[in-house]
Amino acid sequence: MVLITKRLVSIAASTLALSLVSASANAQEYALTGLIPAGQEFGTLSSTYTFNSSMILNSVGFYTSSYESGYQTLSYSIDGVNQSFDRSNLVHGVDGISWLTLSNPVTLLKDQVVVVTTKGRDVSNSPNPPVPPFVTDILHYNSINPNASVSFTTSISGSGFSNSNLRVSNPGSSVAPEPGSIALLLTGGGALAGIALRRRRNAA
C-alpha cells in the first residue's frame, strides 16, 4: 500500500511538472528585443514582419511614445488585408508601445506577412512645419528574437529602427498556463494521495 501511495503522489507531481514545462515552452515572445526610444521621422512609416515558420500572432504593438491620442494612423495588415480595430482597445505600455491584444489570436504560416503602419502627430501649427507636416516616433532595437521566427524590414532610413513590435507564440498549446488547470492538478494530486492514505488506514 505504501508503494501505491508513493506512485500516486509521483504521478500527480509529474503531471504538474509537465504542464508547467509545456506552458513555459509556449510563452509569448517579442519579435524585436532591446528597444529604446530613437526620436522621430517625418511621414508615414511601416515595418514588415515575414514569418519563417508557423506562429501565433497574439498582439500588435505600435510605438507612439506618449502621444497615442495624437496619431493620425495606427494600422496593421496581414498579407495585404487591412485589419480594423478600435483604438480604445490599445493598452499603452511603459515602454511607449501601445499594444493591441487580439481577441482571437491568428495562426500565421511560413512566408505570411504582417505590416504595421504608423502616421504620427500633426505639427502643421509649428513655426517651421516640415513637409509632410507630421512626425512619427521610432525605436531602436538591439536584435530580432530568433524564437519569434520572423524576418524584419522597415521603411525607416538607417538600420536597427522600428515603429512597432509583435508578440507571438509557438502553435500547439495555450500561451500561458491556466491558473484553474494548475489548481485542478494540485487538488487532484492531493485527493489521490488522500484516498491512498485512507485505504492504508482501513487496511490496518
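The values are calculated or read from the model by the stated rules, or taken from the named source; none is laboratory data. Please read these numbers as outputs of a predicted model, since none were measured by experiment. All Cβ positions, glycine included, derive from the backbone under ideal geometry; neighbour counts span all protein chains shown. Note: areas computed on protein heavy atoms with side chains; ligands, DNA, RNA excluded. Shrake-Rupley method; radii C 1.70, N 1.55, O 1.52, S 1.80 Å.
What to note about this one:
- Across region 27-69, the number of residues qualifying as over 20 Å from the mean Cα position of the chain (by Cα) and either part of a strand (DSSP E or B) or buried (at least 20 other Cβ atoms within 10 Å of the Cβ) (or both) comes to 7.
- When residue 95 is tested against (1) among the charged types (D, E, K, R); (2) over 22 Å from residue 35 (Cα atoms); (3) under 19 Å from the mean Cα position of the chain (by Cα), just one condition goes unmet, and that condition is (2).
- Residues located in region 70-92, provided they are in a helix (DSSP H, G or I) and open to solvent by 60 Å² or more (accessible area, probe 1.4 Å): 87, 88, 89
- Filtered residues of region 25-69 (kept if free of Cβ contacts under 8 Å to residues at least 60 places away in the same chain and among the hydroxyl-bearing types (Ser, Thr, Tyr)): 66, 69
- Within region 134-161, considering residues that are of a type outside the set (Val, Ile, Thr) and under 14 Å from residue 71 (Cβ atoms), the one surrounded by the fewest Cβ atoms within 10 Å (Cβ to Cβ): 134
- Assessment of region 6-23 against the conditions (at pLDDT 85 or above, open to solvent by 40 Å² or more (accessible area, probe 1.4 Å) and among the polar types (S, T, N, Q)) yields no matching residue.
- Single residue of region 114-129 satisfying the filter (surrounded by 16 or more Cβ atoms within 10 Å (Cβ to Cβ) and either under 26 Å from residue 34 (Cα atoms) or not aliphatic (A, V, I, L, M) (or both)) that is farthest from the chain's Cα centre (by Cα): 121
- From 105, 171, residue being surrounded by 14 or more Cβ atoms within 10 Å (Cβ to Cβ) and outside any strand (DSSP E or B): 171
- Candidates 111, 95, 137: the one that is part of a loop (DSSP other than H, G, I, E, B) and in contact with a Ser or Thr (Cβ under 9 Å, 6 or more places away or on another chain) is 111.
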